[in-house]
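Everything on this sheet refers to the single structure shown next.
The values are calculated or read from the model by the stated rules, or taken from the named source; none is laboratory data. A quick note: this is a predicted structure, and the numbers were derived from the prediction, not measured. A quick note on method: Cβ atoms are made from the backbone with ideal geometry, for glycine too, and the neighbour counts reach across all protein chains shown.
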Amino acid sequence: MQLTASMLTDPAMRSQLEAFYGNKKSETLDALRQREAEFPDGFAGATITMPDGETRTLGPNLFTAEMAEKSFVSFDQWISFMAERFDDTSTNLAQAEKRVADVEAMNPDNSSAVHATFSKEGTLYAYINDDGTLVTSNGTERYLEGLEEEARRNGLSGEALVDHLAARVKAILEERFPELSVERFDAETAPTIREFAQSWYQGYDADEIYQDALADATAHLDSVKAWHEQWQANLYEIQGFLMGAGTA
């Protein structure tokens, strides 16, 4: 039997799921009562696992079984929580993994994928990426706004899009900045992300920003993985209980 989200809300499964919830609640309360007997003055630092799988570390104040019982949500609230979030953990894990991959793609040693730059006397006014993304700089948005969107609406893509934008941007900016310098690159000559940043964005430390972003994305992924693993363990426990109860 493979546990599914629909099974959690199936009226035919309610009695078995309610029995599981009741058993977990009883186990938690029994454990607390036992610890109360062993440590009548409190048991700071002890941990308990709630029916939803959350692990709680107790503080210095006495947390009694009576207090715990009052803190439990109802079965209906618990099963609603489980059903609503059944697919969320897998989605969140995939999103966290994609976030790390996206950050890793911004390694300063990787190609900037810049196809063309438009500048004058050391000032960058615009650049176009290999995918046709047009980026404006130093106030040129008012001249170039909508060019990329218009070209895409007209069905241009790939090399045709890049060439079209390069010609349009060059013509528009040359009217305002005579002697505009246009430099074009291919896959072999495109600068790295680090080189591009050093050339045009003084004070922008590509390496530091990359390392900070990667550390943040990795920490987030680790947190999501831990939650996902706990969630899966909870589901396996529910599934095992239902199978033991003879639910097919």
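Scanning segment 209-233 for residues that are out of contact with any helix residue (DSSP H, G or I) (no Cβ under 9 Å at 6 or more places or on another chain) and among the basic types (Lys, Arg) yields a count of 0.
When segment 186-208 is examined, which residues are found to be closer than 20 Å to Ser137 by Cα and not in a loop (DSSP other than H, G, I, E, B)?
To start, the set of residues in segment 186-208 that are closer than 20 Å to Ser137 by Cα comprises 190-206.
Of everything in segment 186-208, those that are closer than 20 Å to Ser137 by Cα and not in a loop (DSSP other than H, G, I, E, B) turn out to be Thr192, Ile193, Arg194, Glu195, Phe196, Ala197, Gln198, Ser199, Trp200, Ala206.
When residues in segment 6-54 are screened for being within 20 Å of Gln239 (Cα to Cα) and either at pLDDT below 85 or not aliphatic (A, V, I, L, M) (or both), 23 of them pass. Can you confirm whether Leu235 is in a helix (DSSP H, G or I), under 18 Å from Leu124 (Cβ atoms) and outside the structural domain of Leu3 (by TED's automatic domain parsing)? Against the criterion (in a helix (DSSP H, G or I), under 18 Å from Leu124 (Cβ atoms) and outside the structural domain of Leu3 (by TED's automatic domain parsing)), Leu235 does not qualify. Residue pairs whose Cβ atoms lie under 7 Å apart, separated by 6 or more positions or on different chains, with the first residue in segment 5-30 and surrounded by 17 or more Cβ atoms within 10 Å (Cβ to Cβ) and the second in a helix (DSSP H, G or I) and among the aromatic types (Phe, Trp, Tyr), are Phe20/Phe241; Tyr21/Phe75; Tyr21/Trp78.
Applying the condition of being outside any strand (DSSP E or B) and of a type in the set (S, T, N, Q) to segment 116-155 and asking which residue is surrounded by the fewest Cβ atoms within 10 Å (Cβ to Cβ) yields Asn154.
Might you check whether a residue that is closer than 24 Å to Val162 by Cα and surrounded by 12 or more Cβ atoms within 10 Å (Cβ to Cβ) occurs anywhere in segment 82-105? No, segment 82-105 contains no residue that is closer than 24 Å to Val162 by Cα and surrounded by 12 or more Cβ atoms within 10 Å (Cβ to Cβ).
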